[in-house]
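Notes follow once the structure below has been shown.
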Amino acid sequence: MEHTADPSFIEKIADAARSIALELCMAAKLKAGQIVVIGCSTSEISGRHVGTCSNLEIGAAVFGALNDVFSERGIHMAAQCCEHLNRALVIEREAASGREIVNALPSPGAGGAFAAAAYAGFRDPVTVEKIEADAGIDIGGVMIGMHLKPVAILLRPQTPKIGEATATAARTRPKLIGGARAGYDDSLL
């Protein structure tokens, strides 16, 4: 079923994305300067299989809602491209410091509609090949794990779907080292 013509569907998915982003900010205790990776299948949101029905209107609605939440808190968002761009990431140039910038422009057919919306919506977008994000949201099972710091903790949001797509989230924590005799800072767990 094609949902893009229905403004109430667009509003509903934007509200769901916003809700998940706010929940992630709280659960992960995100601070200004940290990075959140977002993987998003607009095909899955519209009830289709990943990669079969990329939709810019859906991508723009989800991007806008997430960007509003994260940017007002000074948190950087990284939009993961699909496998056609080797899961490269679109980020603001200021967040790319120390990362190699690659030359790839996402489109709905190569990179995905969400990444294309991010490239169009960021002030000064660049594409990088990899990142180690502090947290993330996976919309539609697009496998963001490769772009998270090594110890990721699954979060199941109160809003488990955006449209027809299952949404999960993750936060990260520092590695525990030292074994049984070591002490740990509980605020970092």
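The values are calculated or read from the model by the stated rules, or taken from the named source; none is laboratory data. As the structure is a computational prediction, the values presented were derived from the model and not from experiment. Methodologically, a virtual Cβ is constructed for each residue, glycine included, from the backbone with ideal geometry; neighbour enumeration extends over all protein chains shown.
A few points about this structure:
- Qualifying residues in region 29-69 (those that are among the β-branched types (V, I, T) and part of a helix (DSSP H, G or I)) - the one nearest to the chain's Cα centre (by Cα): V62
- Residues considered: L85, L89. Of these, the only one that is at pLDDT below 95, crowded, with 21+ Cβ neighbours inside 10 Å, closer than 18 Å to V126 by Cβ and not hydroxyl-bearing (S, T, Y) is L85.
- Of all residues in region 132-144, none that is at positive phi has its Cβ atom under 6 Å from the Cβ atom of a residue that is in a strand (DSSP E or B) and charged (D, E, K, R), 6 or more apart or on another chain.
- For G141, the criteria (1) modelled with pLDDT under 95; (2) among the small types (G, A, S); (3) farther than 24 Å from D15 by Cβ hold in every case but one, which is (3).
- Options G145, G141, G136: the member that is surrounded by 19 or more Cβ atoms within 10 Å (Cβ to Cβ) and farther than 19 Å from L56 by Cβ: G136
- Selected residue (criterion: nearest to P174 (Cα to Cα)) from residues of region 70-89 that are out of contact with any Gly (no Cβ under 6 Å at 6 or more places or on another chain) and part of a helix (DSSP H, G or I): F70
- For region 131-152, the condition holds for at least one residue, the condition being that it is closer than 17 Å to A21 by Cβ, outside any loop (DSSP other than H, G, I, E, B) and of a type in the set (V, I, T).
- Which numbered condition S71 fails, given (1) in contact (Cβ under 8 Å) with a residue 40 or more places away in the chain; (2) over 18 Å from A165 (Cβ atoms): (1)
- Checking each residue in region 90-114 for being without any contact (Cβ under 8 Å) to a residue 40 or more places away in the chain and outside any strand (DSSP E or B) picks out R93, E94, A96, S97, G98, R99, E100, N103, A104, L105, P106.
- Given (1) without any contact (Cβ under 8 Å) to a residue 60 or more places away in the chain; (2) closer than 20 Å to T166 by Cβ; (3) crowded, with 22+ Cβ neighbours inside 10 Å, number of the condition H49 does not satisfy: (3)
- Condition met for L148 (under 17 Å from the mean Cα position of the chain (by Cα), modelled with pLDDT of 95 or more and under 14 Å from G39 (Cα atoms)): yes
- Pick from region 153-189, criterion charged (D, E, K, R), assigned to a loop (DSSP other than H, G, I, E, B) and in contact with a helix residue (DSSP H, G or I) (Cβ under 7 Å, 6 or more places away or on another chain), ranking: farthest from R18 (Cα to Cα): R173
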